[in-house]
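First the structure, in the form of structure tokens, and then the observations on it.
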Amino acid sequence: MNERYADVVVDISHEKLDRSFQYRIPLELEEKVCVGSRVWIPFGNGNRLIEGYVIGLGSSPKYEPAKLKNIQGLVEGGITVETKLIALAAWMRETYGSTMIQALKTVLPVKEKKRIKTVRRISLCAERGQAEEALEESRRRHFAAKERLLERLLETPEIDSREASGELKIPAATLKSLCRQGLIRIEERPEEMEVPAEIQTEPPVPLTEMQQAAVSGILREWAEADRPSLLYGVTGSGKTLVYMELIQKTLEEGRQAIVLIPEIALTWQTVRRFYRRFGKRVAVLHSRMTPAQRYEQLERVRSQKADIVVGPRSALFTPFPRLGLIVVDEEHENSYKSEGTPRYHARETAVERGRLEGAHVILGSATPSVDAYYACETGEYALFTLKQRYGEAVLPRVCTADMREELKAGNRSIFSRKLQEALEERLRAGEQAMLFLNRRGFAGFITCRSCGHVIQCPHCDVSLTYHSSGRLICHYCGYSTEAVSRCPACGSPYIGGFRAGTQQIEQTVRRLFPGVRTLRMDADTTREKEGYEKILKAFLEGKADVLIGTQMIVKGHDFPRVTLVGVVMADLSLFASDYRAPERTYQLLVQAVGRAGRGKLPGEAVIQTYHPEHYSIRAALNQNYEEFYREEIGFRRMMGYPPASSLLAVHGACDSEEQLERAMEYIRKYLIRIRRGRQMQLIGPAPESISRIQDLYRQVIYVKSPEKQELFRIRDQLEQYVEINSGFKTVYIQYDFNA
């Protein structure tokens, strides 16, 4: 029998993960040792036994077999949260293509201690009667500082020392005196991200009959089949209330919950809602936090002070030992897809973590991804719907403004006459408006302002992208042609790319409506710490009439006084060089118009477009997902795109363009050689949508196949080919599935 070997890490912290050690697996342990196993291994010259984790298995020794030591045994009670996360990392490595070390660095939380800021808290430790007597004595003797502090502590039993020295102006001598008298206590504690003082926990909001039906259906699903559940609810239908009810059930079982949100911009409002329901049981994790803040929040998780974590993609790997529920809110969002290696998708990875840990998974969206809805059609997921808005709110009235007609009428402004009139009416009524510039996916496509024609690839049905060389290039197959100065469809000279930005829109609004108060929310205005929160809070408090921004303003926010949403240019994502462009356009438009009319006042939305007849625009106008899905899935089936088929992207990057082209051509020829007898289609190599970043040239090859497992096998063969050929040493290769 062939001997088997295990790669073991001895310290699963980011600083030590780059080194693993190989050990022989004794015959009696062969059936028991697997990836993630916690084992006893001899370590160092003295052969002292220490704990380690198995991160890989194989039948080939990396060193001389005689020098390899044996694993001594399994650690009792070896199934830990780290064990489960290592198993998840192994799945990610296999599914998305990366090294095990890269996958481990993604899933394992930082263990390095960071210095935590501390705060001094002053509390009243004497009986109330004794404190009141001391207060009267301070008044008689005119001890003003003691009087101020005791008055405050009788109102609020505990205050921050910064409040005492700042607002109350209490000197250190006074604090020492009161401590000696046994009236107060001063303690130093870690500075936590406190629940804001103005947020008080509140009793649960009653569910509507429709929400209760969704909760009951999901609970039945948990008891019977326990598939991942998709909660498809229109904007403003109260999906978060359903999540909270299911989280409450999870907590009552003594288990923990993770709530994923797609953007840091959503953290502010979402966390406030969870604080109101669950108080300090909620922890927050996101990339804008300092290392000390992140460490402190993870310590709250480890010490079981928090059993709910809210945060973007990386919060999925929170080390909960009794994980019971994962919620992926706005599951359709592209930000759930990692751009680094491994290029994992949080939705798929959440489903796998749920399977490994026996946790339930809820996906939620007003505009479900085609992938998730397709999984419901095939029975992989269970589907639950909320068709009406919560309370008295109704869906907004939506209309389109055809910008081709505006140009014919002599209006060359970035605002249609319809949107200008609606803005004027809302501002006169003292209501709020949001203006959304749909820049997502914009990559320099060329469109005619007279007839709306877009220059597209004749082979791939995606738009051609304008490059500085003056050529139009397809980022799927590499087809290129000269740029045009006149529209090939109507002959108009008004052809080119759209160049307006949020700053230009803000200037136009101020010019058209003197005295209007505006806020702008984009990458420039949110760079500073808490930039998102400051802008959103100011708008919620009515300190501005119009909020202008990119996609970050239209995702999940709830502003009751917003009655108008204007989509300035719907087509900017519609013709991006990406087969998902119609899907992302529909999602962004429905999410945008869904910000209007969420309170008692009715809402209205104006979608400005050059293509009102396009099926994604038409479906967004009607807010009809089923109509959009039928059209889109038909296109995917016809063209062989996911989820109807599978797609492997092979990304290459190198600082030498010539060397990159040569390497990608070798990969293409190798794929042609190994595809004999396989049902697969090869596209490329072609430049990436952004063909050069930080002096690295970038190209991509796409491989289509009806079978995902077939693409896994192709990727494994390609990985071996790249590894044994020295010409690829300076070329960085990444793999991505169904991107």
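The values are calculated or read from the model by the stated rules, or taken from the named source; none is laboratory data. Keep in mind that this is a model prediction, so the values were computed, not measured. Cβ atoms come from the backbone with ideal geometry, glycine included; neighbour counts cover every protein chain shown. Side chains are part of the model used for accessible areas, which takes the heavy atoms of the whole protein and leaves out ligands, DNA and RNA. Shrake-Rupley method; radii C 1.70, N 1.55, O 1.52, S 1.80 Å.
Laid out as a table, the results:
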item: Calculated FRET value between Tyr732 and Arg185, using beta carbons and R₀ = 51 Å, to 0.05; result: 0.30
item: Entries of Lys105/Lys280; Lys32/Lys704; Lys249/Lys305; Lys84/Lys729 with Cα pairs more than 26 Å apart; result: Lys105/Lys280; Lys32/Lys704; Lys84/Lys729
item: Semi-axes of the equivalent ellipsoid for the range 301-382, Cα gyration tensor, largest first, Å; result: 22, 15, 12
item: Virtual paramagnetic centre 7 Å along Cα→Cβ of Arg486, amide N under 20 Å, in the range 403-430; result: 408
item: For volume of the Cα convex hull per residue in Å³, calculated from these coordinates, the label among [x] 359; [y] 215; [z] 165; result: [y]
item: Long-range tail of P(r) for the range 566-632 (Cα pairs > 14 Å, %); result: 54
item: Taking only Cα atoms of the range 581-739, radius of gyration then Dmax in Å; result: 20.6, 67
item: Over the range 49-107 - Rg/Rh using Cα atoms and the Kirkwood inverse-distance radius; result: 1.01
item: Percent of C-alpha pairs per 5 Å bin, the range 31-168, short to long; result: 2, 8, 12, 11, 11, 7, 4, 3, 4, 6, 7, 7, 7, 6, 3, 2, 1, 0
item: Computed lengthening from Glu421 to Glu94, 0.36 nm per intervening residue step minus Cα-Cα distance; result: 112.2 nm
item: Mean separation of Cα contacts under 8 Å, 6 or more apart, over the residue count of the chain: relative contact order %; result: 11
item: Accessible area of the chain divided out per residue, in Å², using a probe of 1.4 angstrom; result: 45
item: Inter-label distance for Lys537 and Val119, nm, one decimal - labels placed 7 Å from Cα along Cα-to-Cβ; result: 1.4
